Amino acid sequence: MLKKNKWLIVFIVVVIVAGILFSLATFKTSNKGNSGSGETLAAETQKQPTQGKIDSKVLLVEFGDFKCPYCGDFERNIKPKLEKEYIDNNKVEFRYVNVLIHGDESELGAKAALAVNQYAPDKYWQFHHALFEQQPHNKDDVGRQHWLTDDLIQQQLQKLDLSEQVRKQITVAYRDKKGEMAKRAQEDHTLAKKEEVPYVPALYVNGKQVEDETDFDAIKDEIDKALEE
């Protein structure tokens, strides 16, 4: 009996020590993900759709989802101000990363947008804006209703003034469930998890997350500080 108790104690001690070591390893990994520098995020998002001055001193990176109602709010209420104040006059560079929160529809929208950026990059932001404009007016319906469909994407592609050849290239690319666009959409989502993006929309200024992406003045303060550094 004494011998059995001895081995039981040894087993418990081993389990506790292993648990502590695992926790420390996980904590270090988590800290590493949170402490990503602006240079790291810039390197990881080089292939993303971009606006403004390429390789600017200040890089804005948005993580978003076409099926997210709050991303739609950001697109309608904050993004135009950013474009007017900083992007259109080439003070900063802006990049967009897809996060696939709402499953298949999120992925479909991401794949279509990435395909437009691949084959008609000058039309990307028009398409990007159009997808957000198609969101239902009721916030609950944006994530709940089945609205981001292949038919809707085709309708928006028709509005882009593309050649038939380019439109076919885009269509084939985003419909391929195991193709390059599917791979890149998943890579975007993986990047968001790696960077431990807590929610969408999330906006980063030179690698630092803005605390309140709904407050333009707060965003402006962060950008202006970065421009002055």
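The values are calculated or read from the model by the stated rules, or taken from the named source; none is laboratory data. Remember, predicted model here, so these are calculated numbers, not experimental data. When we count neighbours, we look across all protein chains shown, and the Cβ atoms used for this are built from the backbone with ideal geometry, even at glycine. Each accessible area value is taken on the protein alone, full model and side chains, heavy atoms only, with ligands, DNA and RNA left out. Shrake-Rupley method; radii C 1.70, N 1.55, O 1.52, S 1.80 Å.
Hey, Tyr199 hits all of (1) closer than 16 Å to Tyr70 by Cα; (2) assigned to a helix (DSSP H, G or I); (3) of a type in the set (Phe, Trp, Tyr) but one; which does it fall short on? Every listed condition holds for Tyr199 apart from (2).
Each row is one residue, and each column tells you yes or no for (1) under 20 Å from Ala202 (Cα atoms); (2) within 20 Å of the chain's Cα centre (by Cα); (3) among the hydroxyl-bearing types (Ser, Thr, Tyr).
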residue	(1), (2), (3)
Pro69	yes, yes, no
Gly72	yes, yes, no
Arg95	yes, yes, no
Leu100	yes, yes, no
Glu107	yes, yes, no
Pro121	no, yes, no
Gln134	no, yes, no
Leu157	no, no, no
Thr171	no, no, yes
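Within the stretch 211-229, residues that are free of Cβ contacts under 8 Å to residues at least 60 places away in the same chain have Cβ atoms under 8 Å from residues that are open to solvent by 40 Å² or more (accessible area, probe 1.4 Å) and outside any helix (DSSP H, G or I) in these pairs: Ala218/Glu211; Ala218/Asp212; Glu222/Lys208, counting only partners at least 6 apart in sequence or on another chain.
When the residues of the stretch 111-135 are filtered to those that are polar (S, T, N, Q) and crowded, with 21+ Cβ neighbours inside 10 Å, the one that is nearest to Val172 (Cα to Cα) is Asn117. So which residues in the stretch 57-72 are part of a loop (DSSP other than H, G, I, E, B) and in contact with a Leu (Cβ under 9 Å, 6 or more places away or on another chain)? Residues satisfying the conditions are Lys57, Val58, Asp65, Phe66, Lys67.
Here Lys123 fulfils each of the conditions (1) part of a loop (DSSP other than H, G, I, E, B); (2) without any contact (Cβ under 8 Å) to a residue 40 or more places away in the chain apart from (1). Within the option set Glu75, Glu107, being closer than 29 Å to Val172 by Cβ, part of a helix (DSSP H, G or I) and open to solvent by 30 Å² or more (accessible area, probe 1.4 Å) holds for one residue only, Glu107. Residues in the stretch 181-210 that are in contact (Cβ under 8 Å) with a residue 40 or more places away in the chain and polar (S, T, N, Q) were compared, and the one that is most open to solvent (accessible area, probe 1.4 Å) is Gln186. Which one is nearest to Val99 (Cα to Cα), of the residues in the stretch 41-70 that are of a type outside the set (A, V, I, L, M, F, W, C) and open to solvent by 60 Å² or more (accessible area, probe 1.4 Å)? Per the criteria, the residue is Tyr70.
Quick one: in the stretch 149-180, of everything that is open to solvent by 100 Å² or more (accessible area, probe 1.4 Å), part of a loop (DSSP other than H, G, I, E, B) and touching a residue at least 24 places away in the same chain (Cβ under 8 Å), which residue is farthest from Gly109 (Cα to Cα)? Top of the filtered list is Asp161.
When you scan the stretch 85-95, do you find a residue that is open to solvent by 10 Å² or more (accessible area, probe 1.4 Å) and part of a helix (DSSP H, G or I), even just one? I'd like the intermediate steps shown before the answer.
Let us first name the residues in the stretch 85-95 that are open to solvent by 10 Å² or more (accessible area, probe 1.4 Å), namely 85, 88-91, 95.
Adding the requirement that they be part of a helix (DSSP H, G or I) leaves 85.
Looking for residues that are open to solvent by 10 Å² or more (accessible area, probe 1.4 Å) and part of a helix (DSSP H, G or I), one finds at least one in the stretch 85-95, hence yes.
State yes or no: is Tyr96 under 22 Å from Arg175 (Cβ atoms), in contact with a strand residue (DSSP E or B) (Cβ under 7 Å, 6 or more places away or on another chain) and of a type in the set (Phe, Trp, Tyr)? Yes: the conditions hold for Tyr96. Restricting attention to the stretch 206-229, which residues are over 17 Å from Pro80 (Cα atoms), of a type outside the set (D, E, K, R) and not in a loop (DSSP other than H, G, I, E, B)? Gln209, Ala226, Leu227, listed by residue number.
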